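We did not get these values from a lab; they are worked out from the coordinates using the rules stated. Predicted model only: the values in this text are computed from it and were never measured. For neighbour counting, all protein chains shown are included, and Cβ atoms are generated from backbone atoms with ideal geometry for every residue, glycine included.
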Amino acid sequence: MTWEAWLEVVEEVAPRVLGPADRRGDALAAEVRRLSELYTRERHALDAAAAAHAARLRFFFLRDLPKIEGPLAELEGALPEGPRWRVLDVGAGLGASCLGVAAFAKRRGVERVEVIALERDPAALDALEALARAAHRRGLVPELVIDARRADVDGLELGTLPKADLVVAGFVLNELFRDRDEVDRLDAAEGLLRALVGRLAPGGSAIVLEPALRTEARALQALRDRLAAQVYAPCLRAGECPLTRRERDWCHAALPLELPPALAALALRAGLRASRLTYAYLTLRADGRRLAGYEDPRAVRVVGGPVESKGKAEWDACGAAGLVRLRRLDRERGPDNAALDGALRGTLLRLASAPEDGASVRARAGVPIERIGPVARPGT
Ligand SMILES: C[S@@+](CC[C@H](N)C(=O)[O-])C[C@H]1O[C@@H](n2cnc3c(N)ncnc32)[C@H](O)[C@@H]1O
């Protein structure tokens, strides 16, 4: 992740787009902390979040920018072909998702990215356009055409929008349909996701990112169960999501990235983590294509851990059969289970044999575990 260059982009546009709302130092850290609390604990007060412009631009935009690269990396071999990518960004905000796509596309040699950005906040769209121009001047994104449309996506007729190679909805689903009860919200969210899949051009993918929080991730799991036939990732199984069984579980992934020093310092001052970028996600397709490893009885995705205790480490993993516990004693660390070193939520593994639902698998010599699937390396 070329974070330093993106920090310069933000530094360039912030004074103009923030004006008197710009913040630095303690005032910025306080605003980041307050906005984080709104996002995590007081989601009913989200409207107030729109006002925290400096925190959004100077911290959350930069922190969230690489997250889309996790799901994009898993689309290796199933990404849009050709030199021009058409992107629909729903609830685009400052553009962390569509600009993240553009940065990824640039590194793959894509020449032009055309974005339709739907967002109800005109100030956010203004910032998005300024960020896109500044990023292009620095060579961080290819030629970028932004069609910024002020729109309320709750109830919007999407059928008239042009088809897109990639549809992204970054951290917005949980902000929609808030005036409805839980069942109605889920129905409305399902309707929206089906409509977004309906906007995909042949071979296209829709990526939904959500906060790695219990309620939001579990809502995405419920949607995953309803849309199982369209799910490309993260799931390796057709059956219901086993992480819905226990209320305390939720499915999310982590990128093994450290924030750059300036952002890490801000995160710590605001009481936030400076490493491991977490998110929940769902990648949907209309063509029934599946992630490599799908329904492979030996393939699993790490969904919990590592939990290290005296002399051992344990991970939870999800695969075709259901949930599996992987256990490795420290003294049995070796080449056959080296793939477990550094395995985080989201890592894909292939076990030596097919486990049953609820099985406990002991990693040891002669029982090889291998990494499978692409690993997201934002910025490379
Ligand atoms: C948390 S931000 C995420 C922004 C960006 N997508 C990202 O990936 O970082 C959510 C955005 O969704 C927008 N939003 C919320 N409800 C909306 C609605 N009903 N219609 C359009 N935009 C909406 C908010 O204004 C905000 O900019």
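Taking Cα pairs under 8 Å and at least six residues apart, what relative contact order does segment 98-183 come out at, in percent? List each step's numbers first, then the result.
Numbers: 79 pairs, mean separation 28.6, N = 86.
33 percent.
Using the Karplus equation 6.51 cos²θ - 1.76 cosθ + 1.60 (θ = phi - 60°), what ³J(HN,Hα) coupling, rounded to whole Hz, does each residue of segment 90-107 give in order, writing x for Gly and Pro?
9, x, 5, x, 7, x, 4, 6, 6, 6, x, 4, 5, 5, 4, 4, 4, 5
Tell me the volume per residue, in Å³, of the convex hull enclosing the alpha carbons of segment 299-372.
Working: hull volume 5.2 nm³, N = 74.
Normalising the Cα hull of segment 299-372 by residue number yields 70 Å³.
Rank by packing, highest mean first: peptides 78-87, 164-173, 199-208, with packing defined as the count of other Cβ atoms within 10 Å averaged across residues.
164-173, 199-208, 78-87
What is the Cα centroid distance between segment 307-335 and segment 87-150, reported in whole angstrom?
41
Over segment 3-285, calculate the relative contact order: mean separation of alpha carbon pairs under 8 Å at least 6 apart, over the residue count, as a percent. Let's see the in-between values first.
On the way: 481 pairs, mean separation 52.2, N = 283.
Reported relative contact order: 18 percent.
Hey, can you grab everything whose amide H is under 5 Å from the amide H of Leu200? Only 5+ residues off in sequence or another chain; H modelled, so Pro and N-termini drop out.
Long-range HN contacts for Leu200: Ala164.
Using only C-alpha positions, report the orientation-averaged shadow area of the convex hull of segment 249-315, nm², one decimal.
With every direction weighted equally, the projected area is 7.9 nm².
Treating cross-link reach as a plain straight distance, find the aspartates and glutamates whose alpha-carbon is under 15 Å from the alpha-carbon of Lys163, omitting any fewer than eight places away in the same chain.
Glu81, Asp89, Glu114, Asp147, Asp287
Extension gain Arg269-Val367, at 0.36 nm per residue separation less the Cα-Cα distance, in nm? Walk me through the numbers before you get to the answer.
Details: separation 98, 0.36 × 98 = 35.28 nm, distance 4.45 nm.
Length gained, Arg269 through Val367: 30.8 nm.
Based on the Kirkwood radius over alpha-carbon pairs, what value in µm²/s does the Stokes-Einstein equation return for the translational diffusion coefficient of segment 3-285 at 25 °C and 0.890 mPa s?
Here the translational diffusion coefficient equals 129 µm²/s.
Would you list Trp315, Trp3 from fewest to most Cβ contacts within 10 Å? Please list the in-between numbers first.
On the way: Trp315 24, Trp3 20.
Lowest count first: Trp3, Trp315.
Name the long-range amide H neighbours of Gly170: under 5 Å, sequence gap of 5 or more, or other chain; modelled H, no Pro or chain starts.
Here the answer is Val90, Leu209, since their amide H atoms fall under 5 Å of that of Gly170.
I need the phi-derived Karplus couplings for segment 122-138: 6.51 cos²θ - 1.76 cosθ + 1.60, θ = phi - 60°, integer Hz, Gly and Pro marked x.
Whole-Hz 3J(HN,Hα) from phi for segment 122-138: x, 5, 5, 5, 4, 5, 4, 5, 5, 5, 4, 5, 5, 5, 5, 4, 8.
Hey, can you rank 213-222, 287-296 by average C-beta count inside 10 Å, highest first?
Numbers: 213-222: 19.1, 287-296: 16.1.
Descending packing order for the listed peptides: 213-222, 287-296.
Whole-Hz ³J(HN,Hα) for each residue in segment 199-216, computed from phi via Karplus 6.51 cos²θ - 1.76 cosθ + 1.60 with θ = phi - 60°, x for glycine and proline: what do you get?
3J(HN,Hα) across segment 199-216, in whole Hz: 8, 7, 6, x, x, x, 9, 10, 10, 10, 9, 9, x, 7, 10, 4, 5, 5.
What number comes out for the charge environment of Ala299, summing +1 per Lys or Arg and -1 per Asp or Glu over other residues with Cβ under 14 Å away?
Working: positive: Arg237, Arg290, Arg298, Arg301, Arg350, Arg371; negative: Glu74, Glu295, Asp296, Glu370.
Net local charge, Ala299 excluded: +2.
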